[in-house]
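Student: Can you read through this structure? Questions will come right after.
The values are calculated or read from the model by the stated rules, or taken from the named source; none is laboratory data. This is a predicted model, so every value here is computed, not measured. Every residue, glycine as well, gets a Cβ built from its backbone with ideal geometry; the counts of neighbours run over all protein chains shown. Remember, those area values only see protein heavy atoms, side chains included, never the ligands or the DNA or RNA. Shrake-Rupley method; radii C 1.70, N 1.55, O 1.52, S 1.80 Å.
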Amino acid sequence: MDTPPAQEYARRLQLHLDAAALHDRRDAAVAAARVAVFGAGVVIAWMAFRDNVSASYLGIPAVVFVALLVVHERINRALERSRRAAALYQRAIERLANRWAGQGRPGTEFADEEHPYARDLDIFGRGSLHELLCTVRTAPAEATLARWLKTPATVAQAKARQEAVRELRNRLDLREDLALVGPELQTSLDAVLLRTWATAPAVFPPSWRALQPLLAVLGVAALGAFIHALFLGGSWWPAGILALVDWAVYRAARPRLIRVIGALNRPGEHLRLLALVAERLERESFQAPLLKELHGALSSEGGTASAAISRLARRTELMQLQQNQLLLPFLFLLLWSLQFAIQIDRWRGAHGASVPRWLESVGALETLCALACYAYEHPDDVFPDVVDGPPRFAGEGLAHPLLPRCVPNDVRLDEETRVIIISGSNMSGKSTLLRTVGTNAVLAMCGAPVRAQRLTLTPLAIGATLRVEDSLQEGRSRFFAELTRLRQLMDMAGNSPPLLFLLDEILHGTNSHDRVVGAEALMVAFLKRGALGLVTTHDLALASAAERIGPHAVNMHFQDEMVQGKMVFDYRMRPGVVTRSNALELMRSLGLEV
């Protein structure tokens, strides 16, 4: 699609706003017509009461009123869809304008304080990478996105996802349909609940299932005897006896019936949403191998996943008619809830094992659509080249994907340069560079494009110390928290995939001598275990460690200058060690006497 994203979103927004306005006018017109038809009915009824017209004329406004009800319902559904579609594209325009923080799904439920980089790289929370990427509809997709953000992919997985994202990038109609399919449910699709329900053991044994035809005959006979006695003057004895038999059957089945009904109360709504999303995905055709594989998984014995789930949803809705107080006596005699409970239990036996596979497929397809949405909205971002081989991260023009304006830098880590020690003054850009490298590595491992001119990397396990903090409740200092994280990263080093460590202000909680000795030893240990990474420091004594570590370590720095009493930064990384500090200038600029 050649139209810029902002222009396309604005066009679609206006289309849906115009449609909403049209439906709104139709809604008002039909509402007025209903009032008019009702008034006409009242007039005809009054005239019939006065014997001026035949009462049969009341059928005309009654038929018209019912037809208007049907039309009104359709208009209301179309109006609601247009409004939701307009809101969808308004949010998309807000994302393009960088006003999305706090408006989406932050994914805080997936945050893990012990994760080696999620908190350090703003993966979850307000204004996080998850909130930017998460344009999915269902909870399985949100969980899949969170898992991909927290776990590095293999080369094959990353390339397969990239190919899928490329194919989906311009499919705006598919993403719109997925966002709007079905009603706006108040609850999201709970994957854990559905898996638990679907894979639970059968409630009714085979003997009960074999008796179902007999139960159907018994129910029809009991209802027939009741109607015969009530309306045709027949004897009440057969109806009473059959009603007692029904009661005895219900009593025998009651424990199992309660288990089926109680277990299905919440999954029922979730399954309806899953059916709607699966049905829309099933109608799409794909070429990318991963998409075809996931699409093929949305199948079941004798048909598609959506068809099987829809059958279950219909049975659930029919079983819930038992809650209607007017129908309750008749449904009791028909053994209504028991018969549908057995059918639902039979459905679970036939399809329950497939539900986890359906959830995984829907989650992965939706997540790929979300990554495709990100790729569509960032046409200047490039897909990285994920390769096998020795540990490598080589990026040109790297910028942070969460920052609208960011000075790009080049970073190269490979067999020749294994660690970069970055010195620089406060606020010069050292920590941002670490986050830039880490966040782009996370995007690359997801299968998404990255904010760079070019990026080549091997699969890497990321570990960072950008946001380790003390804990008053746990009686843990910041320095001890950093050591704990470093221990975690050391355990990760040497495993597969290799570690990419991002150490910010390493060991700054101790004295200069111990910091230099400890940091140098840690870097040597990481390198021996095959890791590579970046280390930032304020301590210029630590910069000399590069000479002692050997040719695999290099010094880089950020610099600043004081212009008319203000600190000015260019945020560009340069070779060598920084030659000045801005701490005293900053203190003086704030009026502190030093």
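Student: How big is the charge dipole of the stretch 337-417 about its Cα centre, in debye rounded to the nearest 20, if each Lys and Arg gets +1 on its Cβ and each Asp and Glu gets -1 on its Cβ?
Tutor: 720 debye
Student: Next question, about the same structure. Expressed as a whole percent, how much of the Cα-Cα distance distribution for the stretch 367-421 exceeds 14 Å?
Tutor: 67 percent
Student: Counting each DSSP H run of 4 or more residues in the chain as -39500 (n - 2.57), what helix-only mean residue ellipticity at 222 nm follows after dividing by all residues, to the nearest 500 deg cm²/dmol?
Tutor: -19000 deg cm²/dmol
Student: Right, next: How much of the pair distance distribution for the stretch 133-178 lies past 14 Å, counting alpha-carbon pairs only, in percent?
Tutor: Roughly 62 percent, rounded to a whole number.
Student: Right, here's the next one. May I ask which residue of Leu398, His228, Met523 lies farthest towards the positive end of the charge dipole of the chain, with charges of +1 (Lys, Arg) and -1 (Asp, Glu) on Cβ and the Cα centre as origin?
Tutor: His228
Student: For the stretch 36-150, compute the orientation-averaged projected area of the C-alpha convex hull (one quarter of its surface), in nm².
Tutor: Average of the hull's projected areas for the stretch 36-150 equals 11.2 nm².
Student: Could you tell me which residue out of Leu290, Ala252, Thr304 lies farthest along the dipole of the stretch 228-331 toward its positive end? Charges go on the beta carbon: Lys and Arg +1, Asp and Glu -1, centred on the Cα centre.
Tutor: Ala252
Student: Using the alpha-carbon centroid of each, what span in Å lies between the stretch 220-240 and the stretch 380-405?
Tutor: If you average the Cα positions of each part, the centres end up 78 Å apart.
Student: With N residues in the stretch 321-433, what two-decimal value do you get for its Cα radius of gyration over 2.2 N^0.38 Å?
Tutor: Computed over Cα atoms of the stretch 321-433, the ratio equals 2.17.
Student: So what's the net charge close to Ala67: Lys and Arg +1, Asp and Glu -1, counting the other residues with Cβ under 14 Å from its Cβ?
Tutor: Here the count lands on +1.
Student: Moving on. Over the chain, what is the relative contact order in percent, taking alpha-carbon pairs closer than 8 angstrom and at least six residues apart?
Tutor: 15 percent
Student: Something else about it: Can you pull out the GluC sites (Glu not before Pro) in the stretch 395-496 that DSSP calls coil and that have at most 14 other Cβ atoms within 10 Å?
Tutor: Of the GluC sites (Glu not before Pro), the ones in loops of the stretch 395-496 whose Cβ has at most 14 other Cβ atoms within 10 Å are Glu415, Glu416, Glu469, Glu474.
Student: Given the peptides 499-507, 280-288, arrange them by the average over their residues of other C-beta atoms within 10 Å, most packed first.
Tutor: My ranking of the peptides, most packed first, is 499-507, 280-288.
Student: What order do Val411, Val181 take when sorted by accessible area (1.4 Å probe), most exposed first?
Tutor: Result of the area sort, largest leading: Val181, Val411.
Student: Looking only at Cα atoms, what is the convex hull volume of the stretch 25-104 per residue, in Å³?
Tutor: Spread over its residues, the Cα hull of the stretch 25-104 gives 87 Å³ apiece.
Student: Using only the alpha-carbon atoms of the stretch 98-146 as identical scatterers, what base-10 log of I(q)/I(0) does the Debye formula give at q = 0.16, 0.22, 0.28, 0.30 Å⁻¹?
Tutor: Treating every Cα as an identical point scatterer, log10 I(q)/I(0) equals -0.39, -0.72, -1.06, -1.16.
Student: Ok, one more. What is the angle, in °, between the Cα long axis of helix 5-49 and the longest principal axis of the Cα atoms in the chain? Nearest 10 is fine, range 0 to 90.
Tutor: Once rounded, one gets 20 degrees.
Student: Right, next: More than 45 Å apart: what percent of Cα pairs in the chain qualify?
Tutor: 39 percent
Student: Moving to a separate point now. Using a simple charge model, +1 on the beta-carbon of Lys and Arg, -1 on the beta-carbon of Asp and Glu, nothing else, what dipole does the stretch 287-426 show about its Cα centre, in debye to the nearest 20?
Tutor: Using only the charged Cβ atoms, the result is roughly 1000 debye.
Student: To continue, here is another question. Wrap a convex hull around the Cα atoms of the stretch 529-571, take a quarter of its surface area, and give that in square nanometres.
Tutor: For the stretch 529-571, the mean projected area of the Cα convex hull comes to 4.2 nm².
Student: Distance between the C-alpha centers of the stretch 318-376 and the stretch 443-460? Whole Å please.
Tutor: 39 Å
Student: How long, wide and thick is the stretch 333-376, going by the Cα atoms along their three principal axes, in whole angstroms, largest first?
Tutor: 58, 20, 7
Student: How do the peptides 456-464, 386-394, 426-434 rank, highest first, by the average count of neighbouring beta carbon atoms within 10 Å per residue?
Tutor: Those peptides, ordered most packed to least, come out 456-464, 426-434, 386-394.
Student: Rank-order 78-91, 316-329 by packing density, defined as the average count of other C-beta atoms within 10 Å over each peptide's residues, highest first.
Tutor: 78-91, 316-329
Student: With a 1.4 Å probe and every protein chain left in place, tell me how much accessible area Tyr571 has, in Å² to the nearest 10.
Tutor: Number for this one is 100 Å².
Student: Which FRET efficiency, nearest 0.05, do Ala6 and Val63 yield, Cβ-Cβ r, R0 51 Å?
Tutor: 0.55
Student: Let me ask you something else. Determine the dipole magnitude for the chain: charges of +1 sit on the beta-carbon of Lys and Arg, -1 on that of Asp and Glu, nothing else is charged, the reference point is the Cα centre, and the result goes in debye to the nearest 20.
Tutor: 1600 debye
Student: A follow-up question, please. Would you mind computing the Rg to Rh ratio of the stretch 393-445 from its alpha-carbon coordinates, Kirkwood style for Rh?
Tutor: Radius of gyration over Kirkwood radius for the stretch 393-445 works out to 0.96.
Student: When the Cα centres of the stretch 1-43 and the stretch 51-73 are compared, how far apart do they sit, in Å?
Tutor: Each part reduced to its Cα centre gives a spacing of 26 Å.
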